[in-house]
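The values are calculated or read from the model by the stated rules, or taken from the named source; none is laboratory data. As the structure is a prediction and not an experimental result, all values here were calculated from the model. All Cβ positions, glycine included, derive from the backbone under ideal geometry; neighbour counts span all protein chains shown. Accessible surface areas use protein heavy atoms only, side chains included; no ligands, DNA or RNA. Shrake-Rupley method; radii C 1.70, N 1.55, O 1.52, S 1.80 Å.
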Amino acid sequence: MVVFLVVAVLALVLPGPVREPSSELPALAGSHGIELGVAVAVNPLTHETEYRDVVTDHYTSVTAENTMKWQYVQPERGTFDWSGPDAVVGFAEDHGLSVRGHTLLWHNQLPAWLAQGSFDPDDLREVMREHFGAVMGRYQGRVASWDVVNEPFEDGSPQLRENLWHQTLGEDYVAEALRAAHDADPEAKLYINEFGVEGSGAKADALYELASDLLDQGVPLHGIGFQGHFVHGDVPEDLAENMRRFADLGLDVEISELDVRVPEPASDQDLSAQADEYRHVLESCLAVSRCVGVTVWGVSDAHSWIPEWFPGYTAALPFDDDHAPKPALAGMVEALRRGRRAHGRARGKVTVFGMR
Ligand code: XIL
C-alpha cells in the first residue's frame, strides 16, 4: 500500500515519463580522447524533446547542419542573423558539448548578393575578411575549430573547383582564406573539409598535395575533415591508412559528416551490415593517433538530408525515423568498447575488423 502511494505520488510529481539511462557513448568516446559529434538543425533542437535527448545522451559535440552557412548568417551584405548559430552554440554550452564551426567558404548555400554579385579581387577579399571577422569573432573561445574551406575540389575529380573564390582570387584563395581565418581567431583550429577523399584515390592525392603545399608555405592549416557521406557496401577499407598520411604531415584529421545511405528498401540484413560499416569508421579513427573525432550527419533518419538529395536511398544514420537506436549505433559502441587507441605516429598495417 505504501509503495503504491509513493509510486502514485511520484507519477503526479515527476515531469513526464522516466527517461532511459543515457548511453555510454560519451564516456567511451572520452576514454579514447575523441569527440563523437552530430549535425543539428535549429528547429528540432529548440522544439523537440526526443531530438534533444538523442543529442545530449549520445554525443559530445555538435555541428550546425545549415545555420552557420553564409546564406543564413549574412543574408544581406553587412546584415547578420545570429539567432540560429546562437541557439546551437548556447545549447552546446548548456550541455557541455563542443562545437565544430561549419562552414566559412563554400560554393553552395551562398546569399544571392554574393553568388550573383560582381566583385573585383580586393572587394572579395574584403567581403571574406568581414564575414570571417564577424562570425569567428562572435564565437571566439566558444567554437574551437572551423571548416574554413569546404569542398575545394570538383565533385568527381582532382581539379580545384571553379568556384567564386577561385575565379576571382585565383588558386591562392585557399591560403588567403586560411590566413584570414587565423587573423579572425588566432586560437581556432582551421580545417579543409572535403568529400570523396576518405579512401585513397586521385582526389585524395590532390588534397594531400594541396595540404603539403600549404604547410610548406607556412599557411595556418591544422586539420582535414573527411566528410564520409558513404554508400552502403562502398565504405573504403583503407580509411585509416589514408587519414594517417595526412596526420603524418602534422594535421589533425576527423570524419566530419558521416552517413551510410542504403538503397530502398533497407532490409534488416542491410542494417546489420551497415553496423559493421559504422564500426569500421570508428575503428579507423581510433587507429590514427591524430584522429580527433567522428561526426554523424544528422540526429535521426527522419532528419537526414539523404532522401531529399539522393532519391532512392534511405536509413543512413544510427537512429531511425522514431529516434530509436539502430544496429549502426551498436556498431559504434562496439568499436569504442573494444577498440584500442593508436598512440604516437607509428605506421603499419591496419587490421580492419568485422568488414564483410
Ligand atoms: C547539407 C545539409 O545537410 C542539407 O540540409 C542542405 O540542404 C545542403 O547541405 N557537404 C557539406 C554539408 O559540407 O554542409 C552538406 O549539408 C552536405 C554535404
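Here are the numbers for the structure shown:
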{"item": "Contacts under 9 angstrom Cβ, first residue in region 102-125 being farther than 14 Å from Asn163 by Cβ, partner within 16 Å of the ligand (Cβ to nearest atom) and open to solvent by 60 Å² or more (accessible area, probe 1.4 Å), 6 or more apart", "result": "Pro111/Gln71; Pro111/Tyr72; Ala112/Gln71"}
{"item": "From Val231, Val260, Val219, residue being away from the ligand (no atom under 16 Å from the Cβ) and of a type in the set (Val, Ile, Thr)", "result": "Val219"}
{"item": "When residues of region 294-307 are limited to those that are on the phi < 0 side of the Ramachandran plot and touching a residue at least 60 places away in the same chain (Cβ under 8 Å), the one surrounded by the fewest Cβ atoms within 10 Å (Cβ to Cβ)", "result": "Trp305"}
{"item": "Every pair of residues 6+ apart whose Cβ atoms lie under 8 Å, when the first sits in region 50-67 and is open to solvent by less than 20 Å² (accessible area, probe 1.4 Å) and at pLDDT 95 or above while the second is polar (S, T, N, Q) and within 16 Å of the ligand (Cβ to nearest atom)", "result": "Tyr51/Ser300; Val54/Ser300; Ser61/Thr295; Thr63/Ser256; Thr63/Thr295"}
{"item": "Hits in region 308-340 - residues which are open to solvent by 40 Å² or more (accessible area, probe 1.4 Å) and not in a loop (DSSP other than H, G, I, E, B)", "result": "Glu308, Trp309, Tyr313, Pro325, Pro327, Ala330, Glu334, Arg337, Arg338"}
{"item": "Strands (runs of 3 or more DSSP E) contained entirely in region 202-284, each with at least 2 residues that are open to solvent by less than 10 Å² (accessible area, probe 1.4 Å)", "result": "223-226, 252-263"}
{"item": "Residues within region 286-307 that are within 25 Å of Asp53 (Cα to Cα) and either part of a helix (DSSP H, G or I) or out of contact with any His (no Cβ under 6 Å at 6 or more places or on another chain) (or both), tallied", "result": "15"}
{"item": "Checklist (1) open to solvent by 10 Å² or more (accessible area, probe 1.4 Å); (2) under 24 Å from Phe246 (Cβ atoms); (3) not aliphatic (A, V, I, L, M) applied to Asn150, failing item", "result": "(1)"}
{"item": "Inter-residue pairs, beta-carbon under 7 Å, first on the phi < 0 side of the Ramachandran plot and in region 199-213, second among the charged types (D, E, K, R) and open to solvent by less than 30 Å² (accessible area, probe 1.4 Å), 6+ apart", "result": "Leu207/Glu194"}
{"item": "Flag for Val333 being of a type in the set (Val, Ile, Thr), more than 16 Å from the ligand (Cβ to nearest atom) and either modelled with pLDDT of 95 or more or under 27 Å from Asp147 (Cα atoms) (or both)", "result": "yes"}
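One line per residue, one yes/no per condition, for (1) in contact with a Phe, Trp or Tyr (Cβ under 9 Å, 6 or more places away or on another chain); (2) open to solvent by less than 70 Å² (accessible area, probe 1.4 Å); (3) closer than 30 Å to Glu334 by Cα; (4) within 16 Å of the ligand (Cβ to nearest atom):
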{"residue": "Val73", "(1), (2), (3), (4)": "yes, yes, no, yes"}
{"residue": "Arg77", "(1), (2), (3), (4)": "yes, no, no, no"}
{"residue": "Pro85", "(1), (2), (3), (4)": "yes, yes, no, yes"}
{"residue": "His102", "(1), (2), (3), (4)": "yes, yes, yes, yes"}
{"residue": "Leu105", "(1), (2), (3), (4)": "yes, yes, no, yes"}
{"residue": "Leu110", "(1), (2), (3), (4)": "yes, yes, no, yes"}
{"residue": "Glu126", "(1), (2), (3), (4)": "yes, no, no, no"}
{"residue": "Ser145", "(1), (2), (3), (4)": "yes, yes, yes, yes"}
{"residue": "Pro158", "(1), (2), (3), (4)": "no, yes, no, no"}
